[in-house]
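The values are calculated or read from the model by the stated rules, or taken from the named source; none is laboratory data. Since the model is a prediction, treat every value here as computed from it, not as a measurement. For neighbour counting, all protein chains shown are included, and Cβ atoms are generated from backbone atoms with ideal geometry for every residue, glycine included. Side chains are part of the model used for accessible areas, which takes the heavy atoms of the whole protein and leaves out ligands, DNA and RNA. Shrake-Rupley method; radii C 1.70, N 1.55, O 1.52, S 1.80 Å.
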Amino acid sequence: MQKILQVPLQDTTDFYAQIIDGKLIQKMQEKFCTISDIFIVCTDDKGQWVTDMMGNLEDVQKVKNLISVEKLNSIYTRIATSVLEEQIVEDTIYPNLKIAAISIKIENKPILNWLVCAIIEDCESSGYEQDCITDIATKTTTKRFYQALDLLRTGTAEILEAKYKIAKAEAESRRSKSSQEEMTLSLKRTEAVTNIVQMLENDEAVEVVMQETLKIAGTYLDVSSAQVFRLHKDETTMDVMAEWYKQGFVSIFDQVRNIKRLPILHYNKPMAISSETRVSIEEKESMECAFVKATIIIPIFVNNCISMYVCFNECSNDRLWLIDEIKFANSASKILQSVLVRRIQKNSLVSSYASLEAILDNVGSAIYVKDIETKKVLFVNKMLKSNFEKEYKNGTLDELFEKGQPVGNKSATFEINHIVSNRWYDLHYTYINWVDGRQVALCAVYDITDKKIYQRKIEQQAYTDFLTGLYNRMCCERDLAWHVDNAKTMNAQGAILYLDLDDFKHINDGLGHQYGDVLLKAISHSLQKIQGIQNTCYRMGGDEFVIVVPPDSYPRFKLILDEIKEVFNKTWFLKDADYYCTMSMGVVLFPEDGDSVQNLIKKADIAMYEAKKSGKNRVAYYSDNIGSSSNKRLDMEKNMRDATVDGYKEFEVYYQPIIDIQKAGLPCTGAEALIRWNSAELGFISPSDFIPLAEYLGLINPIGNYVLQEACETCKKWNDNGHANYKVNVNLSVVQLLQPDIVEIIADTIEKTGIMPKNLTLEVTESLAINDMERMKEILGSIKKLGVRIALDDFGTGYSSLNHIREIPINVIKVDQSFVMDLADDTYSQSFIKMISELAGSIGVSICVEGIETKEQYKVLEGMQVRLIQGYYFDRPMTRDAFEEKYV
């Protein structure tokens, strides 16, 4: 135990783990231990212990010695494998020692876990004082213990959620910054090329033009120095025609005339030598003598012979040349070559224009030149003719580019979208003197389509759900704001449909998350096919969807609702079988029900919960009554949590007798245990109101376990007081059955209460059993091995086939009361019950008919093979005392 709890804080590169501040976690742990009188240990998402147990130093070691490693591993495994529970509390062999586990999740991914131990002082008067721990001073109460757990869970979750959002925002900022830097670099390259092109019209000495060209190119490339070398006719010596070096560097040449030709200057084509490039020993020594670590060497041809070399050198750091840098250096050298050719040919206008055309055809961008005064297009290079062929032939280039032309003699850059080719371009305008001396506007056009596609991809990822391909919550809120404003402007109406899949966790947990994902994608694709909402379907997270019916689609509103319902009326083929998955929907109209995005979504969510509370698989429209009931639900939630913390005193188990009509005197054979809640604050609350809420809040498990315990203890008392064959029926909810340890819980209850297993009947609903047949067969089979009886409740309301009934290990079929309401007059109901009773007899199970309220209904059943009856005709559900007074 001591060794396990002393593993040091783990280092991890996981993105989620990066938001966990070890010092902050330890500080929180220390504070909580101090103010709450509890003992806490922290683990990471993989179960590694990351902090030692904290609390009162004298008591920590005592607590460590009391709790076994197996017990801690057991509760950690339970919280780690549970999909529904985020907080678990368990008893230990000591009545006043409790342990708890809390799982902190972000976007449904476990981040860390808290393991908590506490000595509960109000448990020391439970009648087992002799088994209690008495030598530990640090103690708390049950209420303070649960309050500390809630505060620890919510506080940690809020802190980590905030840190996660900050980390995510910083990552997005870094990506945005990278894109901005790329655009800035592109603009600098454009300006540098434009400035070098202007050197063609510079009438100063050629050495000055060379010097200025090296400065522009060297500054853009951010190199240490640049030179132009002219070879002598003997090809063994050379001159330094021009040289530029960055601030902080000096020339390495003592003289500029008749210098020995450098061994590295022998290439007849452009050559980029990076720091890692392999060169000859002579070349390497030559570079080392010049303190050059990387260089770009470009030969300049005059009359088809190499006359000069241009070199760009990096002397400070190792450097790997990029393709764009090599291309830029080559383009700058070609322009410099054109300057030389122009000077050699003594400013021949024709020759200059030909040279310029050759250069501009190879600069890597589309070029467009226009006379400022006459507006006549003077020159377009080959790339522009290719990319804008239609506009060039039709003479409409000016129309395409004119909106970006700067006013006056200023340069400007802007974007255009070329719809014909579906490409994006950067246009850079500047003014220069043309070869014949007139002033012209030169436009350099750069293709930025790839950059635009990348930006669009980033934006798409920000607004799209990765799994389903639907838009996400962020996109929903943005689009909904636009649709609401549009509806108000047009004096029109739209709608929001908030969908939540019913019992999706059964499929997700039963078949596996991969099949849950398959179902979500299939549902998403089906919704997108509905006319009018193809582009307004959004996944809000988990199994929740929002559909916006925009004003222009609102005339089809009723048809859209019907088509959505039709989507969920069919089965879904998953893992070689058909499964049903229904949905509950809340509907809000805008701007009728409001014009705030957040309020509209909240109201739609409230309406959806109302539909789910009303029985699922239905649609509910928002109203003020529902809104007020939502506030009541919040009050109910608070009081329910308080009631569970207070030892379930407000919950009471009622018993409705089950009568055997095949025996003389119609004896009682037992009862069905039914939970009732009489809140001290809210009064008596209907089970149809609080049971769905308990399932939603994850409290149905402890409440259900309480009912099971009470019912078994009561039945054991009946058995011991002259009614050895009395049985008790207990309902198991969907959430309870899906607990990984449900079989162990039932077995422990049987052992603690001493009830005969055959006198306990557990009722499961038909829809649950049929919708996940394989898993239910496994779970119910394990339960039945304990000797417990199984009843199939609400039979006739689900999707079952008679063949399935034989597959489920059941002892009793309970016919739903919907078949009893018209039993006295309805021949279909009579035939149905008769058929089911005969079927039950043939497969060796009993049948119990619920909801018998009149003598006429009872008389109809006398002639059938029905043995057990339950209903108001015999008795309503009653308190334990009332039941025992009458039947025990």
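Tabulated values for the structure
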item	result
Out of 163, 177, sole residue that is at pLDDT below 85, under 26 Å from residue 25 (Cα atoms), of a type outside the set (Phe, Trp, Tyr) and open to solvent by 60 Å² or more (accessible area, probe 1.4 Å)	163
Within segment 851-888, considering residues that are out of contact with any strand residue (DSSP E or B) (no Cβ under 6 Å at 6 or more places or on another chain) and acidic (Asp, Glu), the one least open to solvent (accessible area, probe 1.4 Å)	884
Residue match in segment 408-418 (condition: part of a loop (DSSP other than H, G, I, E, B), among the hydroxyl-bearing types (Ser, Thr, Tyr), modelled with pLDDT under 80 and open to solvent by less than 60 Å² (accessible area, probe 1.4 Å))	no
Residues being open to solvent by less than 50 Å² (accessible area, probe 1.4 Å) and in a helix (DSSP H, G or I) - total across segment 136-149	4
Residue match in segment 447-468 (condition: among the acidic types (Asp, Glu) and free of Cβ contacts under 8 Å to residues at least 40 places away in the same chain)	yes
Looking only at segment 476-508, and only at residues there that are polar (S, T, N, Q), part of a helix (DSSP H, G or I) and touching a residue at least 24 places away in the same chain (Cβ under 8 Å), the one that is surrounded by the fewest Cβ atoms within 10 Å (Cβ to Cβ)	486
Selected residue (only one of 287, 210 is over 16 Å from residue 336 (Cα atoms) and in a helix (DSSP H, G or I))	287
Positions within segment 581-613 being under 25 Å from residue 689 (Cβ atoms) and free of Cβ contacts under 8 Å to residues at least 24 places away in the same chain, in sequence order	599, 602
Among (1) out of contact with any strand residue (DSSP E or B) (no Cβ under 9 Å at 6 or more places or on another chain); (2) surrounded by fewer than 19 Cβ atoms within 10 Å (Cβ to Cβ), the one test that residue 473 misses	(1)
Counted residues, segment 509-533 - those being of a type outside the set (A, V, I, L, M), over 17 Å from the mean Cα position of the chain (by Cα), closer than 22 Å to residue 546 by Cα and surrounded by 18 or more Cβ atoms within 10 Å (Cβ to Cβ)	1
Tabulated pairs, segment 145-160, first within 18 Å of residue 645 (Cβ to Cβ) and touching a residue at least 40 places away in the same chain (Cβ under 8 Å), second of a type in the set (A, V, I, L, M, F, W, C) and open to solvent by 20 Å² or more (accessible area, probe 1.4 Å), C-beta under 7 angstrom, 6+ apart or interchain	146/645; 148/32; 152/32
Listing of helices (runs of 4 or more DSSP H) fully contained in segment 802-888 that carry 2 or more residues being aliphatic (A, V, I, L, M) and more than 30 Å from residue 779 (Cα to Cα)	855-862
Of all residues in segment 675-714 being open to solvent by less than 10 Å² (accessible area, probe 1.4 Å) and outside any helix (DSSP H, G or I), the one that is modelled with the lowest pLDDT	679
Check on residue 310, free of Cβ contacts under 8 Å to residues at least 24 places away in the same chain, open to solvent by less than 30 Å² (accessible area, probe 1.4 Å) and either aromatic (Phe, Trp, Tyr) or outside any loop (DSSP other than H, G, I, E, B) (or both)	no
Scope segment 641-665; condition touching a residue at least 60 places away in the same chain (Cβ under 8 Å), over 30 Å from residue 88 (Cβ atoms) and surrounded by fewer than 15 Cβ atoms within 10 Å (Cβ to Cβ); matching residues	662
Matching entry among 184, 154 (being open to solvent by 20 Å² or more (accessible area, probe 1.4 Å) and either within 25 Å of the chain's Cα centre (by Cα) or on the phi > 0 side of the Ramachandran plot (or both))	154
Qualifying residue in segment 726-734 (condition: loosely packed, with under 15 Cβ neighbours inside 10 Å and either more than 26 Å from residue 638 (Cα to Cα) or modelled with pLDDT of 95 or more (or both))	no
Subset of segment 220-235 [loosely packed, with under 13 Cβ neighbours inside 10 Å and either modelled with pLDDT of 90 or more or among the aromatic types (Phe, Trp, Tyr) (or both)]	222
All positions within segment 67-89 that are modelled with pLDDT of 85 or more and open to solvent by less than 50 Å² (accessible area, probe 1.4 Å)	67, 75, 76, 78, 79, 87, 88, 89
Filter result for residue 45 (touching a strand residue (DSSP E or B) at 6+ places or on another chain (Cβ under 6 Å) and of a type in the set (Asp, Glu))	yes
Scope segment 17-54; condition aliphatic (A, V, I, L, M) and either within 23 Å of residue 109 (Cα to Cα) or open to solvent by less than 10 Å² (accessible area, probe 1.4 Å) (or both); matching residues	17, 19, 20, 24, 25, 28, 38, 40, 41, 50
Scope segment 55-66; condition part of a helix (DSSP H, G or I), open to solvent by 30 Å² or more (accessible area, probe 1.4 Å) and not acidic (Asp, Glu); matching residues	57, 61, 62, 65, 66
Boolean, residue 672 is touching an Asp or Glu at 6+ places or on another chain (Cβ under 9 Å) and either open to solvent by 50 Å² or more (accessible area, probe 1.4 Å) or assigned to a helix (DSSP H, G or I) (or both)	no
Residue identified as out of contact with any strand residue (DSSP E or B) (no Cβ under 9 Å at 6 or more places or on another chain) and over 29 Å from residue 503 (Cβ atoms) among 758, 777, 752	752
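To keep it simple, each residue is scored yes or no on (1) under 12 Å from residue 444 (Cβ atoms); (2) modelled with pLDDT under 75; (3) touching a helix residue (DSSP H, G or I) at 6+ places or on another chain (Cβ under 7 Å).
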site: 360; (1), (2), (3): yes, no, no
site: 366; (1), (2), (3): yes, no, yes
site: 369; (1), (2), (3): yes, no, no
site: 374; (1), (2), (3): no, no, no
site: 378; (1), (2), (3): no, no, no
site: 385; (1), (2), (3): no, no, yes
site: 388; (1), (2), (3): no, no, yes
site: 392; (1), (2), (3): no, no, yes
site: 395; (1), (2), (3): no, no, no
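Results for (1) modelled with pLDDT of 80 or more; (2) crowded, with 21+ Cβ neighbours inside 10 Å; (3) under 25 Å from residue 674 (Cα atoms); (4) acidic (Asp, Glu), shown as yes or no for each residue.
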| residue | (1), (2), (3), (4) |
| --- | --- |
| 767 | no, yes, yes, no |
| 773 | no, no, no, no |
| 793 | yes, yes, yes, yes |
| 804 | no, no, no, no |
| 811 | yes, no, yes, no |
| 825 | yes, no, no, yes |
| 841 | yes, no, no, no |
| 849 | yes, yes, yes, no |
